[in-house]
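Undergrad: Encoded as C-alpha cells, here's the structure I'll be asking about.
A short reminder: the numbers here are calculations on the coordinates, not readings from a lab. Here the structure is a predicted model, which is why all the values come from computation and not from measurement. Cβ: placed from backbone, ideal geometry, glycine included. Neighbour counts: every protein chain shown.
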Amino acid sequence: MLNSLAAQLERRVDALSADMAPIFVAPLTASDRRKAEHITFQLQNAWEQYVRNFILWSATGRAVGSAGRIPPSVPRRYRTREAVSHYLLLITGARYEPNWYRPVDAIRAARKLSIANYANVAAAIGSTPWPLENLRLTRNFFAHRSRSSALQLRALNWFTPNDAISIETTLFPFDIGGLRRFEGYCAAMKAVSRAML
C-alpha cells in the first residue's frame, strides 16, 4: 500500500511537471503565470497529502512497506486512516491536525503514533537542509502576497534588491545540477517519498 501511495505521488508530480514544462518558454502571459502559480499550489498540496496519508496509514496495521507489513500502532477501534487522525488529536490534545508539510510536525506525529516505520520516516523527512522548504515559501508568497511572505522569500537571497518576486525568479532559474528549481522540487519529492518506504 505504501509503495502504491508513493507511486501515486510520483504520477501526480510527473503530471504537474508535464503541465509546467511548456510554461518554461518565455515570454509568459498573465495566464501562464497564474497557471504556474496554480501548479505550484498543487505540488505543495500533493506533498502534504502524501506525508499525511503515509503516516496515518502506517499506524493502521493495513500498510505494507519495503520491509513488509507494518504492525498497527493504534487501538483496534482506530485502525482506519481517518480514525487514526482522530486518535492523533486525542493523544496530543490538539484541536487541529499537524502541519504535515513541516518535517518537525510530521515527525512528531509519527513519533506520537509510535509507527513501526518511524525511523525511515524521520530519516527521510528529517534531512537538513530540507529540500522542499523553499517550495513552501514560494507557494506561500503566491498564495498570500503578503509582506511577511515576501520577506521570508527574499531572505533566500535569490534576488537582487531590484528584482521582482515572480514565477521567473523563483521557479524557473537553474540550480546546481542543471535542473530548474521547480524540477528540483519534483525530483526531491520523489526521492524523499521513496526513502520513506
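Undergrad: Can you find even one residue in the range 128-144 that is more than 13 Å from E37 (Cα to Cα), touching a residue at least 40 places away in the same chain (Cβ under 8 Å), part of a loop (DSSP other than H, G, I, E, B) and of a type in the set (A, V, I, L, M)?
TA: There is at least one residue in the range 128-144 that is more than 13 Å from E37 (Cα to Cα), touching a residue at least 40 places away in the same chain (Cβ under 8 Å), part of a loop (DSSP other than H, G, I, E, B) and of a type in the set (A, V, I, L, M).
Undergrad: Identify all residues within the range 71-93 that are basic (K, R) and surrounded by fewer than 15 Cβ atoms within 10 Å (Cβ to Cβ); write none if there are none.
TA: Listed by number, the residues that qualify are R76, R77.
One line per residue, one yes/no per condition, for (1) aromatic (F, W, Y); (2) surrounded by 14 or more Cβ atoms within 10 Å (Cβ to Cβ); (3) within 21 Å of Q152 (Cα to Cα):
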| site | (1), (2), (3) |
| --- | --- |
| P98 | no, yes, no |
| Y101 | yes, yes, yes |
| R108 | no, yes, no |
| A119 | no, no, no |
| L132 | no, yes, yes |
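Undergrad: Need the failing condition index for N162 against (1) part of a loop (DSSP other than H, G, I, E, B); (2) in contact with a Phe, Trp or Tyr (Cβ under 8 Å, 6 or more places away or on another chain); (3) farther than 26 Å from N53 by Cα, just the number.
TA: N162 satisfies every listed condition except (2).
Undergrad: While we're on this one: Being polar (S, T, N, Q), part of a helix (DSSP H, G or I) and either in contact with a strand residue (DSSP E or B) (Cβ under 9 Å, 6 or more places away or on another chain) or within 25 Å of R69 (Cα to Cα) (or both) is the requirement here; does N120 meet it?
TA: Criteria met by N120.
Undergrad: Would the range 179-189 turn up any residue that is more than 20 Å from N45 (Cα to Cα), more than 21 Å from the chain's Cα centre (by Cα) and either part of a loop (DSSP other than H, G, I, E, B) or among the aliphatic types (A, V, I, L, M) (or both)?
TA: No: zero hits.
Undergrad: Here is a further query. May I ask you to list the residues in the range 88-124 that are under 19 Å from the mean Cα position of the chain (by Cα) and of a type in the set (A, V, I, L, M)?
TA: Those that are under 19 Å from the mean Cα position of the chain (by Cα) and of a type in the set (A, V, I, L, M): V104, A106, I107, A109, A110, A119, V121, A122, A123, A124.
Undergrad: To continue, here is another question. Can you tell which of E37, E97 is touching a residue at least 12 places away in the same chain (Cβ under 8 Å) and either outside any helix (DSSP H, G or I) or of a type in the set (K, R) (or both)?
TA: Answer to the check: E97.
Listed here are the residues, each with its yes/no results for (1) crowded, with 21+ Cβ neighbours inside 10 Å; (2) of a type in the set (F, W, Y).
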position: K35; (1), (2): no, no
position: L43; (1), (2): yes, no
position: W57; (1), (2): yes, yes
position: R69; (1), (2): no, no
position: R95; (1), (2): no, no
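Undergrad: Can you find even one residue in the range 53-60 that is among the small types (G, A, S), touching a residue at least 40 places away in the same chain (Cβ under 8 Å), in a helix (DSSP H, G or I) and in contact with a Pro (Cβ under 8 Å, 6 or more places away or on another chain)?
TA: Within the range 53-60, one or more residues are among the small types (G, A, S), touching a residue at least 40 places away in the same chain (Cβ under 8 Å), in a helix (DSSP H, G or I) and in contact with a Pro (Cβ under 8 Å, 6 or more places away or on another chain).
Undergrad: A further question follows. Failed condition for L151, given (1) outside any loop (DSSP other than H, G, I, E, B); (2) surrounded by 17 or more Cβ atoms within 10 Å (Cβ to Cβ), with all others met?
TA: Here L151 clears every test but (2).
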